[in-house]
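These notes are about the structure you will find just below.
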Amino acid sequence: MAISVDTFFLAPDAQGTLQSRIQQMIAQGILSGRFHRGEKLPSSRKLAQHLGVSRITVTLAYTELLANDYITSRGRSGYFVSDTAPVPPAYAPTAKGTDSVDWVRTLSHRFTGGDTPRKPRDWQAYRFPFIYGQADPTLFDHANWRLCAMRALGQKDFTALTTDYYDQDDPLLIEFIARHTLPRRGIAARPSEILITLGAQNALWLAVQLLLGPGRHAVTEDPCYHALRDVLVQSGCQLTAQRVDTDGLPADALPEGTDVIFVTPSHQSPTTATMPLSRRRALLDRARDLDAVIVEDDYEFEMSFLGPPSPALKSLDAEGRVIYVGSFSKSLFPGLRLGYLVGSEAFITEARALRAQVLRHPPGHIQRTAAYFLSLGHYDAQIRRMAQTLHRRREVIEDAITKTGLTVAGGGVYGGSSLWMRAPDGMDTARLAETLRAQSVLIEPGAPFFQGPDRPRNFYRLAYSSIPSKAIPEGIARIAAAIKAAA
């Protein structure tokens, strides 16, 4: 790759001759990592014209850099950063001056300090990655996704690719969700009641901004999706974390004055408990008594391989009281960042306006690519393939757990892609995770999912969405051995 001449500037306060300043400018670019090994430098004539100096000055600077092995000459091809130049692994420019702004005083809001943990970016380098929500490259239909992306780039779809939808969405994707995806959950919705979002988390954020604030009261499950709790805390609302049982959120425990209830009835996050139909009806009745709204996060319904999933809570709602959140992140890949909100038209109208103020709309090309992938049948084929693979992995992991004596605290009735585990009382699974990481095993500590200072620390999550079946038994054996050694 050639380095653009437009990125070269002589520091006005630099000392020394023009030749030494040019030499220093290029050397600093190499030492900071901005210029990579093998990249082509501008010709001496082009750089001289750009900097407004004589060509001989640039040539002399290049000659010195050649002598010091910072750059190399390849005859008529020009000058390149040397393969043995001292280039750091990452670009890290030196700071100019000292930051004198008091950011503690200057920032009016702070969004750091939440519970959301960070997963290793190199998780695929670990032999036993029992971590949740990552895409398995062996299961993704990359060839057909690429074809759909190419089709969405075609002249026929130029409008879908380039238009500013403002507060609207790709009608093809909306139609597929309305006619195909939602009916599988028992939900009937008009296009005006559906909004595309940047994943489920963006959908939850929109719901929180519209429904909550100081003086309003929200109830979440405990444990729950930690990123949701972070958003709720930032809203300034009163927050009650209600402990779940083996059937999910107890409807009769919801306190008076509740305005919004956040729930994951199909696969409780993270325990994977499935709420039975009787409790779903009880939850709707209790919400009616409280005049509360329910936000249903149905993040993993496509992963139901042990049997048909229960109807969505939204499908039982005859009063417009349930706002439904869906996502393609688990069934396709998390980097896609496509989800959707389904609710009464009055709510979706406001959500549409808020989304337009923040990000207009998810990119048209991504929406149209997903629409083609879904409508041409590739999505359903991938879901079937994933279900078969996850079923096999579930059998292997349950067998390994039984043999090693580990304790399952929760496993979805209809499937899913993870198990909720319990270590012996008094054990801190965050420390356990660090021990296992050194053995190339990744697990998710459970404490961040709980609310409050006295949160349990002996739970952890084991996901099997991204680990091959053949690796599961040894990985489980290592976990069991680490727990035994720490007990």
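What follows draws every value from the coordinates through simple rules; no lab data is involved. Given the structure is predicted, the values throughout are model-derived calculations rather than measurements. Ideal geometry is used to build each Cβ from the backbone, glycine not excepted, and the neighbour counts take in all protein chains shown.
What the table shows:
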quantity: Spatially proximal lysines relative to K314 (Cα-Cα < 24 Å; intrachain offsets below 8 disregarded); calculated: K330
quantity: Per DSSP, loop chymotrypsin sites (Phe, Trp or Tyr not before Pro) in segment 72-156 with at most 11 further Cβ within 10 Å; calculated: F111
quantity: Stretchable slack from V5 to R455, in nm (0.36 nm times residue separation minus alpha-carbon distance); calculated: 156.4 nm
quantity: Förster-model FRET efficiency, 45 Å R0, T106 and I56, C-beta, rounded to 0.05; calculated: 0.35
quantity: Helix axis angle, 277-290 relative to the chain longest principal axis, alpha carbon, degrees; calculated: 80 degrees
quantity: Cα gyration tensor, segment 84-223 - rounded (a/c under 1.5), prolate or oblate; calculated: oblate
quantity: Phi-based couplings in Hz for segment 157-170 (Karplus 6.51, -1.76, 1.60; Gly and Pro marked x); calculated: 9, 4, 5, 5, 6, 10, 5, 8, 5, 6, 10, 9, 9, 4
quantity: Gyration tensor (alpha-carbon) shape descriptor, segment 204-292, a/c threshold 1.5; calculated: oblate
quantity: Longest site-free stretch - the chain; sites: GluC sites (Glu not before Pro), DSSP loop, at most 10 other Cβ within 10 Å; calculated: 1-255
quantity: For V295, distant residues with modelled amide H under 5 Å away; calculated: I261, F262, V263, I323
quantity: Longest segment of the chain lacking trypsin sites (Lys or Arg not before Pro) that sit in a DSSP loop with at most 10 other Cβ atoms within 10 Å; calculated: 122-487
quantity: Beta bridge orientation in the chain: antiparallel %, DSSP, nearest 5; calculated: 55 percent
quantity: Point-to-point label distance, A346-D428, nm (Cα→Cβ direction, 7 Å offset); calculated: 5.0 nm
quantity: Label assignment, semi-axes √(5λ) of the Cα gyration tensor in Å derived from the structure, set (i) 37, 27, 23; (ii) 48, 29, 25; (iii) 32, 29, 23; calculated: (ii)
quantity: Rounded, prolate or oblate (a/c below 1.5 giving rounded, otherwise prolate when a/b exceeds b/c) for segment 399-487 by Cα gyration tensor; calculated: oblate
quantity: Cβ-derived FRET efficiency at R0 41 Å, R184 paired with V233, nearest 0.05; calculated: 0.75
quantity: Long-range HN-HN contacts of T197 with modeled amide H, under 5 Å; calculated: G339, Y340, L341
quantity: Full-stretch length increase - D380, R437 - with 0.36 nm per residue and alpha-carbon distance subtracted; calculated: 17.0 nm
quantity: Two-site FRET efficiency, R216 against E256, from Cβ-Cβ distance with R₀ of 22 Å, rounded to 0.05; calculated: 0.95
quantity: Whole-Å distance, taken between Cα centres, linking segment 456-478 and segment 220-251; calculated: 26 Å
quantity: Under Karplus coefficients 6.51, -1.76 and 1.60, residue-wise ³J(HN,Hα) of segment 391-401 in Hz, glycine/proline x; calculated: 4, 5, 5, 4, 4, 5, 6, 5, 5, 5, 5
quantity: Whole-Hz couplings from phi, Karplus 6.51/-1.76/1.60, listed for segment 147-154; x for Gly and Pro; calculated: 4, 5, 5, 5, 4, 5, 8, x
